[in-house]
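Asks: Starting off with a structure, shown below.
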Amino acid sequence: MQFNPGSGWQEAVTSVRDLDKWIEDLDYIAGWSLAHRGAMDSRMLRAWHLPAGTEVEEAVVICRGDPKRWLRLVSFKGIAQTQIRSSGQPWETGGLFSILLYSADTQAAFQRAQERWWSAHHDPVVMEFGGRELLNVVLRGPDGCNFG
């Protein structure tokens, strides 16, 4: 993996409870592949001011069709946690709503998400964005994570 500074967003980070489930689901639903898995660098633990004894495992998944885009999944052990978006509603203010992903077949990804017990805020709809016509759906995954 090569970090590319100055080339737009490259990585989003989200906290999850079950790395194995997330890695499996993102591969099945959206075709994202595991690129890295292991203990998080201790410098990040210090930067986040985590208490001693906190264990953090991370996994980086990448889009096969666009490998310069990463999603870093972070799982905390040994520390009390609160789900930040336990009751989020579509298009509310006050925080990050969804991580935008591209799929070659949105309808198929929507169906695969439902097979994994994910839900959505709406069925896929056609919309115009940046001069392009897109088929869009906002998926609700575990841990309060949403993907558009």
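The values are calculated or read from the model by the stated rules, or taken from the named source; none is laboratory data. All values derive from a computational prediction rather than experimental measurement. FYI the Cβ positions are ideal-geometry reconstructions off the backbone, even for glycines, and counts take in every protein chain you see. All accessible areas refer to the heavy atoms of the entire protein, side chains included, with ligands and DNA or RNA removed. Shrake-Rupley method; radii C 1.70, N 1.55, O 1.52, S 1.80 Å.
Asks: Find how much the distance from Q83 to K68 grows on full extension, using 0.36 nm per residue of separation minus their present alpha carbon separation; answer in nm with one decimal. It would help to have the intermediate numbers written out before the result.
Replies: Working: separation 15, 0.36 × 15 = 5.40 nm, distance 2.84 nm.
Computed gain between Q83 and K68 is 2.6 nm.
Asks: Whole-Hz Karplus ³J(HN,Hα) for segment 130-138, in order, using 6.51 cos²θ - 1.76 cosθ + 1.60 and θ = phi - 60°, x for Gly and Pro?
Replies: Residue by residue, segment 130-138 yields x, x, 10, 8, 10, 9, 10, 8, 10 Hz.
Asks: Oh, and also: Accessible area per residue for the chain in Å², computed with a 1.4 Å probe and the full protein assembly in place, what is it?
Replies: Working: 9160 Å² over 148 residues.
Accessible area per residue: 62 Å².
Asks: Further, regarding this structure: Rounded to a whole number, what is D in µm²/s for segment 109-148 from Stokes-Einstein with the Kirkwood radius over alpha-carbon pairs (10 °C, 1.306 mPa s)?
Replies: Working: Rh = 10.7 Å.
Here the translational diffusion coefficient equals 148 µm²/s.
Asks: When N counts the residues of segment 27-68, how does its alpha-carbon radius of gyration compare numerically with 2.2 N^0.38 Å, as a ratio?
Replies: On the way: Rg = 13.7 Å, N = 42, 2.2 N^0.38 = 9.1 Å.
Its radius of gyration relative to the 2.2 N^0.38 Å reference: 1.50.
Asks: Using a 1.4 angstrom probe on heavy atoms only, work out the carbon and sulfur share of the accessible area of the chain in %.
Replies: Numbers: 4850 of 9160 Å².
Carbon and sulfur together cover 53 percent of it.
Asks: Out of all Cα-Cα pairs in the chain, roughly what percent, to the nearest whole number, are more than 27 Å apart? Show your work: numbers first, answer last.
Replies: Details: 2631 of 10878 pairs.
The share of Cα pairs beyond 27 Å in the chain comes to 24 percent.
Asks: Skipping prolines and chain starts, which residues have an amide H placed within reach, meaning under 5 Å, of the one on L100, given they are 5 or more residues away or on another chain?
Replies: So L100 has HN proximity to G148.
Asks: Relative to the Cα centre, what is the charge dipole magnitude of the chain, using +1 at the beta carbon of each Lys and Arg, -1 at the beta carbon of each Asp and Glu, and rounding to the nearest 20 debye?
Replies: That gives a dipole near 340 debye.
Asks: Tell me the mean residue ellipticity at 222 nm calculated for the chain from its helices only (DSSP H runs of n ≥ 4, each -39500 (n - 2.57), averaged over every residue, nearest 500). Spell out each step's value before the answer.
Replies: Numbers: 3 runs with 28 residues, N = 148.
Rounded to the nearest 500, it is -5500 deg cm²/dmol.
Asks: Compute the acute angle (0 to 90°) between the alpha-carbon long axis of helix 19-30 and the principal axis of greatest extent of the alpha-carbon atoms of the chain; round to the nearest 10°.
Replies: 20
Asks: How would you rank 38-47, 56-65, 100-109, highest first, on the average number of other Cβ atoms within 10 Å across their residues? Could the numbers behind the result be given before it?
Replies: Details: 38-47: 11.4, 56-65: 17.6, 100-109: 15.3.
So the order, starting with the most tightly packed, is 56-65, 100-109, 38-47.
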